[in-house]
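Here the structure is laid out as structure tokens; the discussion comes afterwards.
The values are calculated or read from the model by the stated rules, or taken from the named source; none is laboratory data. Since we're looking at a predicted model, the values are computed, not measured. Ideal geometry is used to build each Cβ from the backbone, glycine not excepted, and the neighbour counts take in all protein chains shown. Ligands, DNA and RNA are excluded from the accessible area calculation, which covers all protein heavy atoms including side chains. Shrake-Rupley method; radii C 1.70, N 1.55, O 1.52, S 1.80 Å.
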Amino acid sequence: MELFFLLILILLMVGALSSGFPVAFALPGSAILAIGLAALCGYLFAGDASAYFVEGGPVQWLTAGVTNFRSLYWDVERDTLIAIPLFIFMGIMLQRSKIAEDLLVSMAQLFGPVPGGLGISVVLVGALLAATTGIVGATVIAMGMISLPAMLRNNYSKSLACGTICASGTLGQIIPPSIVLIILADQLSSAADQASTLRKTLYKDSTGEFSMPSTLDITSASAGDMFMGALIPGFVLVGLYILYILITAWWKPEQAPPVPYEGKYDRHFARKVTLALAPPLILIFVVLGSIILGVATVNQAGSIGAVGALIMGGYRLTEGRNDSYYPAILAIGSVLVLALILSFHDLNIKNIQDSDLVPLVVAGIASFTLMVAVLWSVWRTYKIDDTLNGVMRETAKTTSMVFIILVGAAMLTTAFRGFGGETLVKDFLTGLPGGFWGQFFVVMLVIFLLGFFLDFIEIAVVVVPIVAPILLANPEANVTAVWLGVMFGLNIQTSFLTPPFGFALFYLRGVAPAIVKTVHIYRGAIAFIGLQLLALVIAGSFPTMVNYLPNRSFLTSDTAPPPMNPRLQSCMESYLFDVYADEGDLIRSSIAQMARTDLNYLPSTVRQVLEGSTEKALGTFALVEDVTAKQQALDAFAEEYRPLHRLVRGLQADMRKIDRELQQTRLLLRRMSDDPEAKASRLAALEAKIERLESERLLLDPQIPANWQADHAQYLVLQKAVKTARNRYRRNVDNAYEPIPELLQVLDQTELLAALEADIGNLKTVIASQEGDAAMAQIKTVAQELGRVAGSDKIKSKLSKARRALKGKRADPVKAQRLIDEALDILTTQLEWRRLAVPRLMPSLSAYDAAIKNSIGLRLQKRLSEAQAEDVAWCQSSHRDISLHF
């Protein structure tokens, strides 16, 4: 019966959307009606309102829907949605202030003389507007009103002109900052958490172990990661559009003829083009650059974009006046002053010093000036043509629409899960042939077909939360959330062009002249739909195109994980093994040179540590060969073992599914058997179902090949051998390098230790002349100073014992003074060998450290260098099959 009410839920939603009922009310309304009807039928026909729900009742699922609604606004982890109104405001302000119009005119004049140049200018302007507005409707309408008449006037093909304008307008859905990418990031954040739980359950069911290694877990995707991931595919899509127009202009010149510029390419033209192009490009660089470089979060970048658009709108609306650019000049000057001060001073109020007072005052004045510039621009946009009011109203409308749809979708998704829809989808997808890629192809096909009828927001908030956890949890391809989100985004983008409900087609139809027929618009869109699908295939085939920038940004940021991080080890060792192969002779030479250094004057413990360090460093190469050999053996065996593993794990998953269904059916039968009013036919049906499931279960066991146990055991042996070899290598390099920086620090602080000799000697006088508490305080102060000196632990230990000797009623000053003498003896001994080692050992030790720190010692560094981070990021950007771990 659950499936019956699931069907009712879907039919209610489809019927409401098809009838034109508002989406914001159709989604939650369908959910509430379906849940209410199921509860009523359960109460009337089964005596239990929860009878037709999967694990729970109507109250539980309605409560879950309300919880999802509340999480949109009160969950701190989902503050990404705050960026939506900021980017919407930025886009509408640039549109209303006619900056988009200036871009179109200037680009048309610049590229017009090239065959197909007018179409290329439309694509480039569409890309620029996408990176500043992201509002498809406004972009298509603006370009349709300005560019379409010009293209038709210059004998462009109607279909090519319409297709170019519609497709260019949709670039705002994939080129950041994009509203759909923000929504997808929000949805995938929840999906990644669910997928992590699914994968941990799969790991436990498959291996019997309760704890899954963190290296096998799934990482979420932030809006910033989505922006960076979509950047290169967005540029690829722009390139495909331009290439298509150029080929069309070359193959059929009459469809896209050149348009000569009637004016002169002089200084006046250059100034006009610069003023039209430079401000939007600077705004794009500041907004996206601040995210990519890790300077600002997505929300902060949205605020920067909104303020920048406000200032740009202020001077564009007052064009021709002498004071047009005054607010912009004030703002730019203030930002430059702040950037200059911050590059030399830390203006954190908590850590402010007397020397920072002047920079702080100057920064305050610059901030005040910036505020004046912003308020000045606000006043202008408010007074001129009522621009600010119009922008605020449109922003409020669009933002409200997005958030209300998000709320409705949360309710709908909850009801879908309540009737077992998620389990049904999971079982369907996991039962498809072809593994992950079969599932992925079906999901992408469904999303593409839904794009013919549904809006991009509806697809993003209804379909993605259901299918994304299943795809992310699949270890076969082990795709990243960023890649999956960008693939969804590229696919959803086609919904604006696919008839009969392609919104971009309707937007253009509304402003196109009568000479342009609807068939021209549809025909023109078809080629660009093909180009979007081609971009989808390219991004799917080359995941590094999507994953590299987010990975690189993360590994080069201030919050980058240290090289010791377990998730970096595989790629880092791949990089290091290449370094050993290429620079092995040089590294061995450095180790041998250090081993020949005279160490006889050092204490035996220090000498043994250094000798052990060089011995372990030299042994690294044999361990690398061992790891490589064992990994090759594992890879060779896995090639033949993988089909068997996949077959058996699939059969075992089917068995577990049947076992769960058997358990639930037996429980229901037991409950109904205790009910005297239960119908005999219902009991008989449950008994028949149990018998059928038991028969199916018995048929699965013989299908497991006889060689499964032996082959699986062999794989586990080889896998354990690789793990042991890698752990041995890691311990070895850590032990080989760890003493080097420690000893360098000890030698570097020799004079700092010598400076404390007098203070330690004076403690004997302090003990003899002062009371116990006062003497203890003095000893504690000196001990704290010693704590800042590397290698002084033994001396500090003696002082601590001396302090304890003065404690309490049984204080022993004589013992305390003896301990101070022992501390001074240790200090004298340390200073002797340290002062010998500084000139004789420190230069060679520093050279040795420089030679191995980025290879043998890389794991113990604080962070990767930029070149290392780039290499590791590139390695991590590829998807790897980890299904054999499950």
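Every condition in (1) part of a helix (DSSP H, G or I); (2) over 24 Å from Lys853 (Cβ atoms); (3) open to solvent by 70 Å² or more (accessible area, probe 1.4 Å) holds for Gln631 except the one numbered (3). Considered as a group, the residues in the stretch 826-853 that are among the basic types (Lys, Arg) and assigned to a helix (DSSP H, G or I) include one that is surrounded by the most Cβ atoms within 10 Å (Cβ to Cβ), and that residue is Arg834.
Can you find a residue that is modelled with pLDDT under 90 and buried (at least 19 other Cβ atoms within 10 Å of the Cβ) anywhere in the stretch 265-279?
Among the residues of the stretch 265-279, at least one is modelled with pLDDT under 90 and buried (at least 19 other Cβ atoms within 10 Å of the Cβ), which makes the answer yes.
Identify the single condition in (1) outside any loop (DSSP other than H, G, I, E, B); (2) in contact (Cβ under 8 Å) with a residue 12 or more places away in the chain; (3) surrounded by fewer than 21 Cβ atoms within 10 Å (Cβ to Cβ) that Asn478 does not satisfy, given that it satisfies every other one. Unmet condition: (1).
Which one of the conditions (1) open to solvent by 60 Å² or more (accessible area, probe 1.4 Å); (2) within 24 Å of the chain's Cα centre (by Cα); (3) closer than 30 Å to Pro499 by Cβ does Leu534 fail to meet, given that it meets all the rest? Of (1) open to solvent by 60 Å² or more (accessible area, probe 1.4 Å); (2) within 24 Å of the chain's Cα centre (by Cα); (3) closer than 30 Å to Pro499 by Cβ, only one is false for Leu534: (2). Within the stretch 496-531, which residues are buried (at least 21 other Cβ atoms within 10 Å of the Cβ), part of a helix (DSSP H, G or I) and at pLDDT below 80? Listed by number, the residues that qualify are Phe496, Ala504, Leu505, Tyr507, Leu508. The criterion of at least 2 residues that are more than 24 Å from Gln608 (Cα to Cα) and either of a type in the set (Val, Ile, Thr) or in contact with a Phe, Trp or Tyr (Cβ under 8 Å, 6 or more places away or on another chain) (or both) is met by the following helices (runs of 4 or more DSSP H) wholly inside the stretch 710-792: 757-769, 772-787.
Right, Leu246: open to solvent by less than 40 Å² (accessible area, probe 1.4 Å), modelled with pLDDT of 85 or more and either closer than 30 Å to Cys162 by Cα or outside any helix (DSSP H, G or I) (or both) or not? In short, no.
For the stretch 417-469, filtering for residues that are assigned to a helix (DSSP H, G or I), open to solvent by less than 30 Å² (accessible area, probe 1.4 Å) and touching a residue at least 24 places away in the same chain (Cβ under 8 Å) leaves 23. Of all the residues in the stretch 584-604, those that are free of Cβ contacts under 8 Å to residues at least 24 places away in the same chain and assigned to a loop (DSSP other than H, G, I, E, B) number 2.
Scanning the stretch 283-328 for residues that are in a helix (DSSP H, G or I), without any contact (Cβ under 8 Å) to a residue 24 or more places away in the chain and open to solvent by 70 Å² or more (accessible area, probe 1.4 Å) yields Phe285, Gln300.
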